[in-house]
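Q: Let me give you the structure first, and then I'll get to my questions.
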Amino acid sequence: MAAMGSRLMWATKAASYLKISTAFNTRGFASVVKDLKYADSHEWVKVDGDSATVGITDHAQDHLGDVVYVELPEVGTAVTQGSSFGAVESVKATSDINSPVSGKVVEVNEALTSSPGLVNGSPYENGWIIKVEVSDPNEVNSLMDSEKYTKFCEEEDGH
């Protein structure tokens, strides 16, 4: 039990250092990054001009368990907001990954081919999945901010 306590303390310190709000639940913790936007299908997006980086949230990877395979789209593939572009396979289940924005895939995270666990260990940094050239920047307005997404996850988990 002491290891869990020190892990939570370390996570809380790391979260405050990274300015991440930390929501505790029965399985441990899931972090939500403030400057990202979130889809109700548990993908995050970081938009910078007409470029967007997409991944799955800490909450999603936590529910999936250990990720063993990530199905990536081809560069040049068109993606549509709310539609599937790939999948994450874990020891528990296979789950579609939906794009939070529409546009064209300009880069895929090739590191996930040999290290799919990056999605678990670093969902917001090294575990990103695709980069998209955004076709409609206004779509981002329909996504949740970190506060709304945190509440959404708490309600979904019955807290």
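The values are calculated or read from the model by the stated rules, or taken from the named source; none is laboratory data. As the structure is a computational prediction, the values presented were derived from the model and not from experiment. Counting neighbours? That spans all protein chains shown, and the Cβs are built from the backbone with ideal geometry, glycine included.
Residues are listed down the side, and each one gets a yes or a no for (1) part of a helix (DSSP H, G or I); (2) surrounded by fewer than 15 Cβ atoms within 10 Å (Cβ to Cβ); (3) in contact (Cβ under 8 Å) with a residue 12 or more places away in the chain; (4) of a type in the set (A, V, I, L, M):
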position	(1), (2), (3), (4)
Thr53	no, no, yes, no
Asp62	yes, no, yes, no
Val70	no, no, yes, yes
Ala87	no, yes, yes, yes
Asp96	no, yes, yes, no
Pro116	no, no, yes, no
Tyr124	no, no, yes, no
Val132	no, no, yes, yes
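Q: Of the residues Tyr124, Tyr69, which is at pLDDT 95 or above, aromatic (Phe, Trp, Tyr) and within 20 Å of Tyr38 (Cα to Cα)? So that I can check it myself, show each step before the final result.
A: Details: Tyr69 fails: within 20 Å of Tyr38 (Cα to Cα).
Sole residue among the options that is at pLDDT 95 or above, aromatic (Phe, Trp, Tyr) and within 20 Å of Tyr38 (Cα to Cα): Tyr124.
Q: State whether one or more residues within region 102-110 are outside any loop (DSSP other than H, G, I, E, B), of a type outside the set (A, V, I, L, M), in the same structural domain as Gln61 (by TED's automatic domain parsing) and within 13 Å of the chain's Cα centre (by Cα).
A: Among the residues of region 102-110, not one is outside any loop (DSSP other than H, G, I, E, B), of a type outside the set (A, V, I, L, M), in the same structural domain as Gln61 (by TED's automatic domain parsing) and within 13 Å of the chain's Cα centre (by Cα), which makes the answer no.
Q: Let me ask you something else. Given the residues Glu133, Glu125, Glu139, which is the only one that is under 13 Å from the mean Cα position of the chain (by Cα), assigned by TED's automatic domain parsing to the domain that holds Gly86 and either within 20 Å of Gln81 (Cβ to Cβ) or among the charged types (D, E, K, R) (or both)?
A: None of the others qualify; the one that does is Glu125.
Q: Please find, among Ala60, Ala78, Ala87, the residue that is within 16 Å of Tyr149 (Cα to Cα) and touching a Ser or Thr at 6+ places or on another chain (Cβ under 9 Å). Don't jump to the end; show me each part of the working.
A: Numbers: Ala78 fails: within 16 Å of Tyr149 (Cα to Cα); Ala87 fails: within 16 Å of Tyr149 (Cα to Cα).
Sole residue among the options that is within 16 Å of Tyr149 (Cα to Cα) and touching a Ser or Thr at 6+ places or on another chain (Cβ under 9 Å): Ala60.
Q: What number of residues in region 27-51 are closer than 12 Å to Thr150 by Cα and either assigned to a helix (DSSP H, G or I) or of a type in the set (Gly, Ala, Ser) (or both)?
A: Qualifying residue count, region 27-51: 3.
Q: Restricting attention to region 86-123, which residues are β-branched (Val, Ile, Thr) and more than 20 Å from His63 (Cβ to Cβ)?
A: Within region 86-123, Val101, Val105, Val106, Val108, Thr113 meet the criteria.
Q: Suppose the filter is within 19 Å of Lys37 (Cβ to Cβ), without any contact (Cβ under 8 Å) to a residue 40 or more places away in the chain, surrounded by 19 or more Cβ atoms within 10 Å (Cβ to Cβ) and touching a Pro at 6+ places or on another chain (Cβ under 9 Å); does Val101 pass it? Show your work before the answer.
A: Numbers: within 19 Å of Lys37 (Cβ to Cβ): yes; without any contact (Cβ under 8 Å) to a residue 40 or more places away in the chain: no; surrounded by 19 or more Cβ atoms within 10 Å (Cβ to Cβ): yes; touching a Pro at 6+ places or on another chain (Cβ under 9 Å): yes.
No; evaluated as a whole, the condition is false for this residue.
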